[in-house]
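Worksheet: the structure to be examined is printed underneath.
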Amino acid sequence: RGTATAGQGSEASPQAPLAVLSKVELRVSCKHLLDRDTLNKSDPCVLLLMQSQGQWMEVDRSEVIKSNLNPVFAKIFTVDYSFEEVQKLRFEVYDSHGHTGLGTHDDDFLGGMECTVGQIVAQKRVTKPLFLKYGKFAGKSTITVISEEISGNNGYVELSFRAKKLDDKDLFSKSDPFLEIYRLDDDGSEQLVYRTEVVKNNLSPIWEPFKVSLNSLCSCEEKRKLRCVVWDYDSRGKHDFIGEFFTTFEEMQKAMGDNKVQWECMNPKYKLKKRNYKNSGLVVLLDLKIHRVYSFLDYIMGGCQIHFTVAIDFTASNGDPRNSCSLHYINPYQPNEYLKALVAVGEICQDYDSDKKFSALGFGARIPPKYEVSHDFAINFNPDNDECEGIQGVVESYQSCLPKIQLYGPTNVAPIISKVARVAAHEERTKEASQYFILLILTDGVVTDMADTREAIVRASYLPMSIIIVGVGNADFTDMQILDGDDGVLRSPRGEPVLGDIVQFAPFRDFKNASPTALAKCVLAEVPKQVVEYYSYKAFPPRCPQPPEPSLGSPQ
């Protein structure tokens, strides 16, 4: 597989490899905010907080928008995005009075909302109600958060604009112009892409060059309409309209190299009223630079779903589940290692699977009705549909299947790898980056069918698939490290190498004293790179983002 561009590394635990980090832009708007002011409307401002070690820490805050109950904030919040951990966010909206910092008793709390970075990234647009303290609805107030990945790991465009001979809107000085670019979406709505700085007292301003992601600018579509508006800034929030023009990214690209593109800035009212009206000035695109690099988030935001399958070892070496020494013993007060590993990894993956249904398989047991050994049975005993509802559904199926089966052997995992690979192969034939498969194998010992397993892994390396193996218990897992190609290239018995390292192995005992998230960080850290490497090798670009699903959590 081709090399992938890694994001900047994060500090990792001693066991974990450096995580592949990206940065995500979050754009925030609100509707129907509570009006706390007696004379004017509320002056809203948004605080973004992120949970760190159980504490909410402020990340950043937006500008204050004067006298507005339906604000669209220009501030773009930038957060590090890490696939392999749950990152909890909290948005708090305040009516600012400007004298002191936000969050004090002088400011009126207009409502808050909590979600995860993964949820916003997977859905691209999240609209939820705002809540006051004690879980009370803040009237009909809602907050919408839209995510875009930004330059660094993503395709992006750099634009340099200036204007000439703009209309003068001020009596005693010249206009103070700024430029806004809006993307026109399929539902007829407009998404603010960028707002430039204000250039004071200047009818021929040169604005600072800026970068926006291609996804943010035109949603992958070069012919998508863009509306560009020039305003004369007013400190009370009542900006004067100078003019507008419409364009596309396709048209903008004529400005590459030494070429320049210019548009007439038009005021439709003046055009109707004034017979000799020509325009309200010219806007010139001085330069445009494109940087196209696809990343993990491009594929996720393009609608690629992560399909999660768990495979559980039910061989006799685990011990009789009725015995408290068994690795499969169900202790009502303490989940066993199988459950801990399943929940830690599954909780991350579930944010990226829209139907929240997970395949759950078992191997190495005698199963009803004939009690023959099976190496790829559905733990819900439904051969036509091995999917469970959410991680909790997998946990319940696991607990209810234990009394019905006989632990046996041997530890053969090749059949399950091949089973998931067949589904992945069917998906690959679509020639689209639409589904990627993660197989989590939980086992208490070294696999018996090592030759077949190596062959199955080599075959799977040509498919949209990653394999995570977690060793449970105290067995000697030395031979399992061979499957994780970190110490050299894994080969099939015939000597054929894997296309790329798709296997990650970790013994659970290394994480016994760490938090559950440490295991997930370790084994999932490589997945974003594996996704990008696979689709880059296949030359499958991300799909264009689909229109967002209906908003979640909005009050009826």
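The values are calculated or read from the model by the stated rules, or taken from the named source; none is laboratory data. Just so it is clear, the model here is predicted, and its values are computed rather than measured. Note that we place each Cβ from the backbone using ideal geometry, even for glycine, and neighbour counts take in every protein chain shown. Side chains are part of the model used for accessible areas, which takes the heavy atoms of the whole protein and leaves out ligands, DNA and RNA. Shrake-Rupley method; radii C 1.70, N 1.55, O 1.52, S 1.80 Å.
Among the residues of the range 257-282, how many are among the hydrophobic types (A, V, I, L, M, F, W, C) and in contact with an Asp or Glu (Cβ under 8 Å, 6 or more places away or on another chain)?
Adding up the residues that qualify gives 4.
Scan the range 424-450 for residues that are closer than 26 Å to Asn380 by Cα, touching a residue at least 40 places away in the same chain (Cβ under 8 Å) and either under 34 Å from the mean Cα position of the chain (by Cα) or part of a helix (DSSP H, G or I) (or both) and jot them down.
Ala424, Gln435, Tyr436, Phe437, Ile438, Leu439, Leu440, Ile441, Leu442, Thr443, Asp444
Any residue at all in the range 263-270 that is assigned by the TED database to the domain that holds Ile405 and open to solvent by 50 Å² or more (accessible area, probe 1.4 Å)?
Checking the range 263-270: not a single residue is assigned by the TED database to the domain that holds Ile405 and open to solvent by 50 Å² or more (accessible area, probe 1.4 Å).
As an exercise: evaluate Thr453 against (1) surrounded by fewer than 22 Cβ atoms within 10 Å (Cβ to Cβ); (2) in a helix (DSSP H, G or I); (3) of a type outside the set (Asp, Glu) and give the number of the one condition it does not meet.
(1)
Listed here are the residues, each with its yes/no results for (1) over 21 Å from Ala520 (Cβ atoms); (2) out of contact with any Ser or Thr (no Cβ under 7 Å at 6 or more places or on another chain); (3) not charged (D, E, K, R).
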| residue | (1), (2), (3) |
| --- | --- |
| Asn336 | no, yes, yes |
| Val345 | no, yes, yes |
| Gln350 | no, yes, yes |
| Ala365 | yes, no, yes |
| Pro369 | yes, yes, yes |
| Asn385 | yes, yes, yes |
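Between a first residue in the range 472-485 that is within 21 Å of Phe314 (Cα to Cα) and outside the structural domain of Ala525 (by the TED database) and a second residue that is open to solvent by 20 Å² or more (accessible area, probe 1.4 Å) and at pLDDT 85 or above, which pairs have beta carbons less than 7 Å apart while being 6 or more apart in sequence or on different chains?
Cβ pairs passing all conditions: none.
Restricting to the range 68-96, name every residue that is surrounded by fewer than 16 Cβ atoms within 10 Å (Cβ to Cβ) and part of a loop (DSSP other than H, G, I, E, B).
Hit for the range 68-96 is Asn70, nothing else.
Could you list, in sequence order, all residues of the range 278-305 that are touching a Ser or Thr at 6+ places or on another chain (Cβ under 7 Å) and of a type in the set (Asp, Glu)?
Correct list: Asp287 only.
Being assigned to a helix (DSSP H, G or I) and either of a type in the set (S, T, N, Q) or over 28 Å from the mean Cα position of the chain (by Cα) (or both) is the filter here; which residues of the range 456-478 pass it?
The answer is Ala456, Val458, Arg459, Thr478.
Given the structure, is Gly135 farther than 29 Å from Arg90 by Cβ, open to solvent by 50 Å² or more (accessible area, probe 1.4 Å), out of contact with any Lys or Arg (no Cβ under 7 Å at 6 or more places or on another chain) and small (Gly, Ala, Ser)?
no
So how many residues does the range 189-224 have that are in a strand (DSSP E or B) and at pLDDT 95 or above?
Final tally of qualifying residues: 1.
Scan the range 456-475 for residues that are open to solvent by 50 Å² or more (accessible area, probe 1.4 Å) and farther than 23 Å from Val423 by Cα and report the count.
Residues that pass the stated criteria total 1.
For Thr478, indicate whether it is open to solvent by 50 Å² or more (accessible area, probe 1.4 Å) and over 17 Å from Val531 (Cβ atoms).
The answer is yes for Thr478.
Can you name the residue in the range 54-67 that is among the polar types (S, T, N, Q) and within 25 Å of Lys23 (Cβ to Cβ) and is also most open to solvent (accessible area, probe 1.4 Å) among such residues?
If we take residues in the range 54-67 being among the polar types (S, T, N, Q) and within 25 Å of Lys23 (Cβ to Cβ), then Gln55 is most open to solvent (accessible area, probe 1.4 Å).
Read through the list (1) open to solvent by less than 10 Å² (accessible area, probe 1.4 Å); (2) modelled with pLDDT of 95 or more; (3) touching a strand residue (DSSP E or B) at 6+ places or on another chain (Cβ under 6 Å), then give the number of the only condition that Leu407 fails.
With respect to (1) open to solvent by less than 10 Å² (accessible area, probe 1.4 Å); (2) modelled with pLDDT of 95 or more; (3) touching a strand residue (DSSP E or B) at 6+ places or on another chain (Cβ under 6 Å), Leu407 is out only on (1).
For the structure I just gave you, tell me whether Gln51 is open to solvent by 60 Å² or more (accessible area, probe 1.4 Å) and at pLDDT below 75.
So Gln51 fails the test.
Kindly evaluate Val72 against the criterion of being in contact with a helix residue (DSSP H, G or I) (Cβ under 9 Å, 6 or more places away or on another chain) and either aliphatic (A, V, I, L, M) or at pLDDT below 85 (or both).
So Val72 fails the test.
Of everything in the range 89-120, what is touching a strand residue (DSSP E or B) at 6+ places or on another chain (Cβ under 6 Å) and at pLDDT below 90? Give them in sequence order.
Correct list: Ser96, Leu102, Asp107, Asp108.
Hey, could you check the range 218-260 for residues that are open to solvent by less than 50 Å² (accessible area, probe 1.4 Å) and basic (Lys, Arg) and say which is nearest to Asn68 (Cα to Cα)?
Arg227
Could you tell me whether the range 175-188 includes any residue that is open to solvent by 20 Å² or more (accessible area, probe 1.4 Å), touching a strand residue (DSSP E or B) at 6+ places or on another chain (Cβ under 9 Å) and modelled with pLDDT under 90?
yes
Given the condition among the aliphatic types (A, V, I, L, M), closer than 25 Å to Gln530 by Cβ and crowded, with 18+ Cβ neighbours inside 10 Å, answer yes or no: does some residue in the range 384-401 qualify?
Scanning the range 384-401 turns up at least one residue that is among the aliphatic types (A, V, I, L, M), closer than 25 Å to Gln530 by Cβ and crowded, with 18+ Cβ neighbours inside 10 Å.
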